[in-house]
Each structure stands twice: as structure tokens, then as C-alpha cells.
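Report on the following structure.
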Amino acid sequence: MTEFDLIEKYFVRLTPAGRGVALGVGDDAALLAVAPGSELVVTTDTLVAGVHYFADADPAAVGYKALAVNLSDLAAMGAVPRWFTLALTLSATELTPVWLDGFSAGLAQLAREHGIALVGGDLCQGPPAITIGALGECPQGQARRRAGARAGDLIYVSGPLGSAAWALAQLKAGLNPDPACLARLLRPVPRVALGCSLRSIASAMIDVSDGLLADLGHLLNASDVGARLDIDTIPYHASLDHDPAQKWRHVLSGGDDYELCFTVPPDRQEQLASIDDPVCRIGEITPDKGLSCVRNNGTEYVPDRTGYVHF
């Protein structure tokens, strides 16, 4: 089967009619129509076999997660997903009907849920890697950025942290993780609707992909401020209590949960309370740079790492 046969069989169906696509898969480039009064929000992520997913992973979960991590970036900007591109490099192991059926099915599931259309990409043979570029739309001037937090703003997260890192540690140890934690690792849920709801509420926002301390640190640097985290208020799955020695490392420094971390000025607390999604307050922005982690008893917790390091 040729490259073009594979594209036709497994991926053309991911380009539904309409949705601002004047020309999609099959030409040298796509033609897209951005809604009047909107800005285009663009992000890219790569997953490499053996680094970001196990080589023997369920291909449907790989396809789902490859798109989910990009949608999480759009969510952190308050953007609505519209289109995506897929550059797929596969070895002979993946170039089989079983793998391609599973991968495209997982991709299609999340694409349907968020109404995002595949509009182009590339397919070739080599060391396995998956690169997706996702494009979204946001009303002009309303995208949330990492910069914008001010002293006195309150810090929130959109859900429990540490579950994915805990599940990964369990897998590496040859153990069976809690199913809920494993789902967080394999099929993270991008918080797109919440991100859009926070456009007029959050002063700054980022998604937690490399670990809370690392990603919040990026937000603090961009905003030129510091923070105090009340770490006993951070939500986490109860199964992490089975390993108290590593619990805080997973919660504070583990990646792959793809929850949103955002800041809200005190005068917007009532607006925040009116949204449907439950969120959790975990700290406060401070004028002096630096990030401190404080326990309920007032003692400071000193982490031994901040998050995943790519290089």
C-alpha cells in the first residue's frame, strides 16, 4: 500500500466537510477560513516512541494522547480547537493495518469530541515519532497568556495532580496502577471548555504538562512575580497515599496530567464561582520572585525537583 493509499484509508475521514476548511487533505497545503474578529492560536507537540509512550502501547491510546496534549495547549490559551496537521513517522512495526486502525480510531475519537478537523501533514518511514500541529480560534485580544499574574492574585488548578506520574512509576516497577490514574496517563482530558470560560476571569494561565512547579515557574517568570503554594490544598488521587515518600514528588513535579493552572484577581472571585467546572485554590501570587511550598502547619516543604527536563 502506498503513502497516498494509507492516507486515504486511515486519515482522510478525519477531515469532515465545512468547519472553515476550504481545502483540506490531499493538496500541497490547506486553505482555511478564520472567523472574523478572531485570532489564530497555533501549537505543536511531538511524541517519540520510548520517550513519551511505550513502544508496545495501545495505538488507540497513542492517537488519542497525541492530539490531547495539543488541545491542552489550546485550552491554556482559551482557544476553541479548529484544525490540526499530522506528521507521522513509523517503523515497519507500526505500518500494519492493526496499528493504523487503532491509532486513527483514537485520533478520530478525540477529534470528533472537539470538532477539530485534520487538514494536512506528512507520512514517512523511520524511527517512530508523531508530531501534531493544532490550530484554534480565540476572540481578538482575549487569549490568555503566561504573563499577566499580579501580586495578590490567587492560584488555582483545574483538577488532581500527580496521577499520571504515579501511574507511570507503577508501570515502570512492573505493578498495576489504579485504573483511574492509568487513564490520566494514557488518555488525558484536555480542559478546553474551562479554558474558554476563563478568558475574562484568569489573569494568566498554563497547562500542567511537565509538573506543577516547573509549569507554574514559567508563568511566574513571564509575569515577573513569585508565589506561595499551600501544598496541602492541592488535589490528588487517594492512591498516591500508598507511597508517602514519593507522593509530593508526583503531585508537585510529575507531568502528563494536563490540568490547567491559572491565576485570578481577588475582584474576579465571584465570576470564577459562577462557572460550571469545579476548580481548587492552591496558593497566592507574591510580589517577590521565588516559589515557596508551605504545609498546613506552617513549615516549608523543599522539593528535590521541579519537573520533567527535556534536555
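The values are calculated or read from the model by the stated rules, or taken from the named source; none is laboratory data. Just so it is clear, the structure is predicted and the values come from calculations on it, not from any experiment. Cβ sites come from the backbone with ideal geometry, for glycine too, and all protein chains shown count toward neighbours. SASA here: full protein model, heavy atoms, side chains in, ligands and nucleic acids out. Shrake-Rupley method; radii C 1.70, N 1.55, O 1.52, S 1.80 Å.
One table, with the values for the structure above:
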| item | result |
| --- | --- |
| Count of region 183-198 residues which are touching a Leu at 6+ places or on another chain (Cβ under 8 Å), of a type in the set (A, V, I, L, M) and either over 24 Å from Arg268 (Cα atoms) or assigned to a helix (DSSP H, G or I) (or both) | 3 |
| Residue match in region 85-102 (condition: in contact with a Lys or Arg (Cβ under 7 Å, 6 or more places away or on another chain), at pLDDT 95 or above and open to solvent by less than 40 Å² (accessible area, probe 1.4 Å)) | no |
| Subset tally (residues that are of a type in the set (Gly, Ala, Ser) and crowded, with 22+ Cβ neighbours inside 10 Å) for region 141-184 | 7 |
| Residue identified as out of contact with any Phe, Trp or Tyr (no Cβ under 8 Å at 6 or more places or on another chain), more than 22 Å from Ala227 (Cα to Cα) and among the small types (Gly, Ala, Ser) among Ala193, Ala134, Ala117 | Ala193 |
| Scope region 65-84; condition of a type in the set (A, V, I, L, M), open to solvent by less than 40 Å² (accessible area, probe 1.4 Å), more than 18 Å from Val98 (Cβ to Cβ) and not in a loop (DSSP other than H, G, I, E, B); matching residues | Leu67, Ala68, Val69, Leu71, Leu74, Ala75, Ala76 |
| Condition met for Gln109 (among the polar types (S, T, N, Q), touching a residue at least 12 places away in the same chain (Cβ under 8 Å) and in a helix (DSSP H, G or I)) | yes |
| Filter result for Leu213 (closer than 24 Å to Asn70 by Cβ, open to solvent by less than 30 Å² (accessible area, probe 1.4 Å) and at pLDDT 95 or above) | yes |
| Unique residue being closer than 13 Å to Ile116 by Cβ and either surrounded by 15 or more Cβ atoms within 10 Å (Cβ to Cβ) or hydroxyl-bearing (Ser, Thr, Tyr) (or both) when the list is Val62, Val21 | Val21 |
| All positions within region 116-140 that are among the aliphatic types (A, V, I, L, M), within 20 Å of the chain's Cα centre (by Cα) and open to solvent by 10 Å² or more (accessible area, probe 1.4 Å) | Ala129, Leu135 |
